[in-house]
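Some notes on the structure that comes next.
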Amino acid sequence: MRKFNRWWILKPAVFLACLGPMVWISNQALYGRLSANPIKDITEFTGIWTLRFLMITLAITPLRRITGVSSLIRFRRMIGLFTFFQGFLHWMTYVWLDQFFMWGEILKDIIKRPFILSGMTAFTLMIPLAVTSTRKWIARLGGSRWQAVHRLIYFSGAAGVIHYYFFEKSDVRNPLAYALLLSFLLGFRAWHGMRQRALKLKPATRIM
Amino acid sequence: MLIQRASDISSSEITPENLYHNRREWIKTASAILGLTAVGTIIPACAPTVGAAGEPQAKGKYDTTEKPTPFEDITSYNNYYEFGTGKDDPARNSKNFKPKPWTVKVEGMCKKPATYNLDDLIKGFATEDRIYRMRCVEAWSMVIPWAGFPLKTLIERLEPLPSAKFVEFKTLVDPNQYPEQRRSFLKVLDWPYVEGLRMDEATHPLALIATGIYGKPLPNQNGAPLRLVLPWKYGFKGIKAIVNIRFTDKQPVNTWQQQASQEYGFYANVNPNVDHPRWSQARERRIGEFFKRPTLMFNGYADQVSELYAGMDLRRYY
């Protein structure tokens, strides 16, 4: 008998888990359990979950390195696409529910307000990542170029955290926590990269 | 300066009648359109009914005829940072707050400085109902049936000296009752919360000290036992749980101005033409409505209050 492959079960399970936030908020909305300002609730909920999904996506590589469970890579694309999906819903709440598709107003908002600009930047940077997430695109771009494109997520994350910081009126504890988490996730990559280079250099110096 | 009057825009022009009435309905529709609903199921909403008190009727000359926001929304969606920064924190964390007994210290340039028992301070004042619009600086708004008395009545009782040009108010400081005041690291605001008014603003007939809503005593989360209500200014000017009133000749520095002076000024008059640096103030979402509506100059009270600010550059004095 073929060896049972547990990833076949885990992937749908993770997929369903990623739907969790959406199921929860729609349930709250349907049962009238949101606050007196449900649109604001939905906007904030989709916003914070975009940031959370983004952090989870960024945590996969460090987790693989730390735990040695390389198979975690199987979830990265899916969680990344869920990040984009959450971001899209969040963007829609702004474009539709807040501005009601008044593109002139939206443009003015983007130019005038760093708060909107940072959010738009974070979302826009995710678009090429979502588009090039297929196998075909990896082949078309080639591994290293594809990877270079997908480093845009670092900037998207930074813009997202800045956007969150601008959103808060005075209570910046949560945005600061996200900034700290992002610095850790990016710092780990920098540290790991440097260590890899140092390890590669060592045998060479020994030969000399 | 463009001054839009409340009467120029009837609510029916802004929001379709059917959308106006039931937010539980439209939120269902909205979530269905957003694709958020469970596939193919129609789940009846367990919509709680509106507050028990009867519908208040607009009677006085300052009352708006707009539909009052339900009691349940007014008392569950609050900004009162002493109790927490979430909108539901005040309702949740104020259950054991003690608005009685209450003392108010009156000081500064007046003939009657003293520490008063609240009952003595307001003894004999007739309570009036006032249905006012309330516009939050965060671009949402409500219609609230307040009960209270004109601030002018209280000020006259305290007999300010001619030298007094401003009046300053402070909220209670009590870390035992206010969870946010127990925090020392990354404090949300500097306590106590401070607000101030020019004397002519404070004695304007619209300026109200509220002691109730919907004919009931003021709930703790709305600022019991007494709070300021200034319907032509952003909501944060309406200081809650007042324990200190001071008459002065210097313009007070209110809490939000101190926190971020480029974003919040001393006057904080509702003005659709002067944006908050991070968001537009041109429109607002009335609680319970789906679409945003235009914000009116001085929140629709331009006829009553614009002369207070005649000749002032409202971009500078925001």
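None of the figures in this text is laboratory data; all of them are computed from the coordinates on show. What you see is a predicted model, and the numbers here were worked out from it, not measured in a lab. We place every Cβ from the backbone using ideal geometry, glycine too, and count neighbours over all the protein chains shown.
Computing FRET efficiency as 1/(1 + (r/R0)^6) for B:GLU307 and B:LYS216, where r is the C-beta to C-beta distance and R0 is 35 Å, gives about 0.50. Look at A:SER71, B:SER94, A:SER133, A:SER144 and count the other Cβ atoms within 10 Å of each Cβ; fewest to most, that gives A:SER144, A:SER71, A:SER133, B:SER94. When each of A:ASP98, B:ASP174, B:ASP119 is scored by the number of other beta-carbon atoms lying within 10 Å, the sequence from fewest to most is B:ASP119, B:ASP174, A:ASP98. Sites counted here are trypsin sites (Lys or Arg not before Pro) in a DSSP loop (not H, G, I, E or B) having no more than 15 other Cβ atoms within 10 Å; the longest part of chain A that contains none of them is A:34-150. Scaling the Cα radius of gyration of the protein assembly as shown by the globular reference 2.2 N^0.38 Å produces a ratio of 1.14. The phi-based Karplus calculation (6.51 cos²θ - 1.76 cosθ + 1.60; θ = phi - 60°) puts the 3J(HN,Hα) values of segment A:132-145 at 8, 7, 7, 4, 4, 5, 4, 5, 5, 7, x, x, 6, 5 Hz, whole numbers, x for Gly and Pro.
Per residue of peptide B:108-116, the mean number of Cβ atoms on other chains within 10 Å of the residue Cβ is 0. What the Cβ-Cβ distance of A:GLN147 and A:LEU72 gives, at R0 = 25 Å and to the nearest 0.05, is a FRET efficiency of 0.90. Counting only residues at least eight positions apart within a chain, or on another chain, the lysines with an alpha carbon under 22 Å from that of B:LYS59 are B:LYS67, B:LYS152, B:LYS216. With a 10 Å cut-off around each Cβ of A:169-177, the average count of Cβ atoms from other chains is 5.
Normalised by residue number, the volume inside the convex hull of the Cα atoms of segment B:57-309 is 128 Å³ per residue. Among the chymotrypsin sites (Phe, Trp or Tyr not before Pro) in segment A:44-116, those placed in a DSSP loop whose Cβ has at most 16 other Cβ atoms within 10 Å are A:PHE100, A:PHE101. Label-to-label distance for A:ARG64 and A:LEU201 is 2.5 nm, based on points extended 7 Å past Cα in the beta-carbon direction. Principal axis analysis of the Cα atoms in segment B:234-318 yields extents of 42, 32, 26 Å, listed in decreasing size. With kT/(6 pi eta Rh) evaluated at 37 °C and eta = 0.692 mPa s, and Rh the Kirkwood radius from Cα pairs, segment A:21-114 diffuses with a coefficient of 216 µm²/s according to Stokes-Einstein. The fraction of Cα-Cα pairs per 5 angstrom bin, counted from 0 for chain A, comes to 1, 6, 12, 16, 17, 16, 12, 8, 5, 3, 2, 1, 1, 0, 0 percent, rounded to whole percents.
The aspartates and glutamates whose alpha-carbon is closer than 12 Å to the alpha-carbon of B:LYS98, local same-chain residues fewer than 8 away aside, are B:ASP174. For the protein assembly as shown, the 222 nm mean residue ellipticity estimated from helices alone, with every DSSP H stretch of n ≥ 4 adding -39500 (n - 2.57) and the total spread over all residues, rounds to -13000 deg cm²/dmol.
The fraction of all Cα pairs in segment B:128-169 landing in successive 5 Å bins from 0 to the largest distance is 5, 16, 18, 16, 17, 15, 10, 3, given as whole percents.
Would you tally the net charge around B:GLN259, using a Cβ to Cβ cut-off of less than 12 Å, leaving B:GLN259 out, and scoring K and R as +1, D and E as -1?
-2
Summed over all non-identical Cα pairs, the Kirkwood treatment of segment B:158-297 gives a radius of 16.7 Å.
Distance from the Cα centroid of segment A:150-183 to that of segment B:169-227 is 32 Å (rounded to whole angstrom).
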